[in-house]
Amino acid sequence: MTGTPETRTVVVTDPPRADPERVATLAGYGVATVHEALGRTGYLGPGIRPTHHGYRLGGTAVTVLCRPGDNLMIHAAVEQCSPGDVLVVTTTSPSTDGAFGELFATALQRRGVRGLLTTGGVRDIADLHAMDFPVFSGAVSAQGTVKATPGSVNVPVVVGGQIVRPGDAVLGDDDGTMVVPRPEVEHALRAAQARVDKEEASRAAFREGELGLDRYGLRQTLADLGVRYVSAEEYGL
């Protein structure tokens, strides 16, 4: 995000947050379902992956903007975290340095934080897994960082081309990560349930032998696109 030097080096305290329990309920639907239900919006890209499979993340964003190779502002952000939050960390230019590890996770767990999402690097992977602290990161790296340059906490940041604002819902699982703007959480819950209901009806139909070609009206789509059915003999096999 852009702004004057003063707006790029601030710690914003107590921003409004989505209801953390509603966000946790939303996370239960899974990233792929919520992403599709919202018209394929909010996905944070394939570059951010869980350090271990099986994690499911859902919480309200506390955002952190750091300089590359510097984790000073993560220290400042810990104080701003509340139960149900997810720490969202990015840098002013790409960085894979291991800016986050087990000590940060210990402090965040004490404050009820549900996990970390970062475009950068993390380390102490075995310890983080043993702590059952969900981490979604752009890299794993033993390379350390310094604590020397200012950044910001709880300002809008850009992750994977999406704007993440403090208090937004952040979701993650084995399929990836996404953001749901705070005002859209209730709509997302309704849309996700509607998609689950629709998929369950399709699942039941497929168990009875119905084909997707017929259920979704795709035979006409194929015809409209010029796809023809021919026998093997006609095709020359």
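State the Cα centre-to-centre distance between the range 216-237 and the range 33-48 in whole Å.
Their Cα centres are 32 Å away from one another.
In Å², what does the accessible area per residue of the chain work out to with a 1.4 Å probe?
Result: 51 Å² per residue.
Show me the ranking of peptides 155-162, 67-74 by mean Cβ neighbours inside 10 Å, starting with the highest.
Peptide ranking by packing, descending: 67-74, 155-162.
What are the residues whose amide H is under 5 Å from the amide H of residue 57, where those residues sit 5 or more places off or on another chain and H is modelled from the backbone?
172, 173
Enter the accessible area of residue 52 (Å², nearest 10), with the probe set to 1.4 Å and all protein chains included.
40 Å²
As a test of reading the structure, rank 14, 97, 173 by solvent-accessible area (1.4 Å probe, protein chains only), most first.
Largest to smallest exposure gives the sequence 14, 97, 173.
Express the carbon and sulfur contribution to the solvent-accessible surface of the chain as a percent, rounded to the nearest whole number, probe 1.4 angstrom.
53 percent
How do the peptides 212-220, 140-148, 85-93, 30-38 rank, highest first, by the average count of neighbouring beta carbon atoms within 10 Å per residue?
85-93, 30-38, 140-148, 212-220
Need one number: % antiparallel among DSSP beta bridges in the range 1-120, to the nearest 5. It would help to have the intermediate numbers written out before the result.
Details: 0 of 11 bridges.
Taking every DSSP beta bridge within the range 1-120, about 0 percent pair in antiparallel fashion.
Projecting each Cα onto the charge dipole of the range 1-152 (Lys/Arg +1, Asp/Glu -1 at the beta carbon, about the Cα centre), which of 47, 65, 78 comes out farthest on the positive side?
Toward the positive end, the furthest listed residue is 47.
The values are calculated or read from the model by the stated rules, or taken from the named source; none is laboratory data. In this text the structure is predicted, and so the values were computed from the model without any measurement. Don't worry about glycine lacking a Cβ; one is built from the backbone with ideal geometry, like all the others, and counts go over all protein chains shown. To get the accessible areas, we keep the full protein, side chains included, count just its heavy atoms, and leave off ligands, DNA and RNA. Shrake-Rupley method; radii C 1.70, N 1.55, O 1.52, S 1.80 Å.
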